[in-house]
């Protein structure tokens, strides 16, 4: 069974995003970039399926600038077999990303697409659901447990109020939530080995091209800032302030 | 132009998030209908019919809809959208699951987690864990939008909309419900609670989390939350998680105990009206957003807080 894992290069999750003064976006110049944490979890899950003998090949695809090769290389060092980079310097919106990935899926014919539930830059939480719709496949989002057997996957999902378990027929799209697994650190020998693995560099036109886009960013602004309040000396003073000053209890 | 609000409910009760989403919908159009899709949802539909400003309540039922299966909801919604310009639903795990699927089937760009309706085509939404706000303009004639309910006031009651049944659609032939584990609790729901008491990694164990956080929450009639670190460590269940990837809350009072205040946690609670932080580390980032900070070990501070609340008649 082939598993396809789309991954995204984003601002490192430990870096605080700063809005550009001209309000056109977030300043990414000289900022540390990494694989989106949810994508890393998806790669780990795919590699584990391979180690269990369930997956036979793990293919990683990324859409982004030439530097996104490094992100793919990280996934190859974790154990994926080969990579595809769809090179573009634009920042395509989720619908366009889903369309490109659907074209990749048609060419690669995976039985399972495992991907992060959201990227921590746009925070859309949309591509997996859209991809599964475009392919006409079932979807199991926000996964905290995935068991594949034969032509089916049993997926436990993190939902409001608890957990829901679904069974989907393959092929399917599964999106990873935080607690699906803890991604491994690539070992040095595996990092070296990853350097010899193949990354095919393609363009959006190889997969149907990029559309005009339906959304236009008017501006990006800083959220209203909260200012630090006062320190209280003890619990009694805290309760007094909450009661009389804030009026919340 | 008409807007369809897809109601958030558990088949028994209409959630407050639906009322808030109706407020967002009314900022777009005066013609707002509500769809209640589920199983055994007569009571929910009756509650929806009472929302002021709602024109009509549509109902549709099947087992798969009752289990909130995204494929079933989408199959039901796509034909219905022929009669609507926009679809709005709260950004719950159900809404986030089906809304992008509907958008893709309609070939439109979904707009996630809307905080503000600027006009019928322009919306404000958080990006980068709420560290930036993006104003987006959509050129789609039909729009599919998830709404961050905490950013809107609930719509009033007193309405009396007509209720009309619609087709449930073909269901989800490739997806089967296996089971669910929903945590039963007498406490208010985290997302809509007026007071939230959250515990962090400092608790050190699940036993300590229960011992310290829950009695305080119960004393205040509060919901219980947790930081990602506490959930990852197994001190609290996943649905307690407040943060960028967990629940976003905006209660009247948020009490953070033993939580350092990682960016992703702040993203989930910084719109609370009043924030209280109790942490023994005076340099913890949580104090930068707290209205009232108490630098103390929770082990002594929480019992003292319980006593002070009792003394204050709580």
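Is at least one residue of the stretch B:75-82 surrounded by fewer than 23 Cβ atoms within 10 Å (Cβ to Cβ), within 14 Å of chain A (Cβ to nearest Cβ) and more than 27 Å from residue A:157 (Cα to Cα)? The answer is yes; a qualifying residue exists. Residues in the stretch B:88-119 that are part of a loop (DSSP other than H, G, I, E, B) and more than 7 Å from chain A (Cβ to nearest Cβ): B:91, B:107, B:115. Restricting attention to the stretch B:120-156 and to residues that are outside any strand (DSSP E or B), under 21 Å from the mean Cα position of the chain (by Cα) and closer than 20 Å to residue A:127 by Cα, the residue that is farthest from the other protein chains (Cβ to nearest Cβ) turns out to be B:148. Being surrounded by fewer than 17 Cβ atoms within 10 Å (Cβ to Cβ), part of a helix (DSSP H, G or I), out of contact with any helix residue (DSSP H, G or I) (no Cβ under 6 Å at 6 or more places or on another chain) and modelled with pLDDT under 95 is a condition met by no residue of the stretch B:191-210. One residue alone among B:158, B:169, B:130 is surrounded by fewer than 16 Cβ atoms within 10 Å (Cβ to Cβ) and at positive phi, and that residue is B:158. Comparison of B:58, B:80 shows that the only residue that is more than 25 Å from residue B:151 (Cα to Cα), in a strand (DSSP E or B) and modelled with pLDDT of 95 or more is B:58. For residue A:138, indicate whether it is over 30 Å from residue B:186 (Cα atoms), at the interface with chain B (Cβ under 8 Å from one of its Cβ atoms) and modelled with pLDDT of 95 or more. Judged against the criteria, residue A:138 is a match. In the stretch A:157-180, is there at least one residue being in contact with a helix residue (DSSP H, G or I) (Cβ under 6 Å, 6 or more places away or on another chain), surrounded by fewer than 16 Cβ atoms within 10 Å (Cβ to Cβ) and at pLDDT 95 or above? Taking every residue of the stretch A:157-180 in turn, none turns out to be in contact with a helix residue (DSSP H, G or I) (Cβ under 6 Å, 6 or more places away or on another chain), surrounded by fewer than 16 Cβ atoms within 10 Å (Cβ to Cβ) and at pLDDT 95 or above. When restricted to residues that are in a helix (DSSP H, G or I) and either in contact (Cβ under 8 Å) with a residue 40 or more places away in the chain or buried (at least 21 other Cβ atoms within 10 Å of the Cβ) (or both), the stretch B:266-291 contains 6.
Quick check on the stretch A:183-215: of everything there that is within 22 Å of the chain's Cα centre (by Cα) and within 9 Å of chain B (Cβ to nearest Cβ), which residue is surrounded by the most Cβ atoms within 10 Å (Cβ to Cβ)? If we take residues in the stretch A:183-215 being within 22 Å of the chain's Cα centre (by Cα) and within 9 Å of chain B (Cβ to nearest Cβ), then A:214 is surrounded by the most Cβ atoms within 10 Å (Cβ to Cβ). Number of residues in the stretch A:112-131 that are more than 7 Å from every other protein chain (Cβ to nearest Cβ) and in contact with a strand residue (DSSP E or B) (Cβ under 6 Å, 6 or more places away or on another chain): the value is 9. Of the residues making up the stretch A:225-243, those that are surrounded by fewer than 19 Cβ atoms within 10 Å (Cβ to Cβ) and not in a helix (DSSP H, G or I) are A:225, A:226, A:227, A:228, A:230, A:231, A:233, A:234.
One residue stands out among those in the stretch B:292-305 that are more than 7 Å from every other protein chain (Cβ to nearest Cβ) and buried (at least 18 other Cβ atoms within 10 Å of the Cβ): the one that is farthest from the chain's Cα centre (by Cα), which is B:296. Taken over the stretch B:19-43, the criterion of being farther than 18 Å from residue B:147 by Cα and in a helix (DSSP H, G or I) is satisfied by B:42, B:43. Within the stretch A:216-245, no residue satisfies the criterion of being at pLDDT below 95 and under 22 Å from the mean Cα position of the chain (by Cα).
When residue B:289 is tested against the conditions (1) under 29 Å from the mean Cα position of the chain (by Cα); (2) more than 8 Å from chain A (Cβ to nearest Cβ); (3) more than 27 Å from residue B:182 (Cα to Cα), the lone failure is (2).
Check the stretch B:217-230 and report whether any residue there is in a loop (DSSP other than H, G, I, E, B) and either more than 22 Å from the chain's Cα centre (by Cα) or at the interface with chain A (Cβ under 7 Å from one of its Cβ atoms) (or both). No, the stretch B:217-230 has no match at all. Under the condition of being in contact with a helix residue (DSSP H, G or I) (Cβ under 8 Å, 6 or more places away or on another chain) and surrounded by 21 or more Cβ atoms within 10 Å (Cβ to Cβ), the residues counted in the stretch B:25-40 number 6. A count restricted to the stretch B:237-250 and to residues that are in a loop (DSSP other than H, G, I, E, B) and more than 9 Å from chain A (Cβ to nearest Cβ) stands at 4. Is the stretch B:255-265 home to any residue that is in a helix (DSSP H, G or I), within 11 Å of chain A (Cβ to nearest Cβ) and touching a residue at least 12 places away in the same chain (Cβ under 8 Å)? Yes, the stretch B:255-265 has at least one match.
The values are calculated or read from the model by the stated rules, or taken from the named source; none is laboratory data. Keep in mind the model is a prediction, meaning the values are calculated, not measured. In this analysis, Cβ positions are derived from the backbone assuming ideal geometry, glycine residues included, and neighbour counts consider all displayed protein chains.
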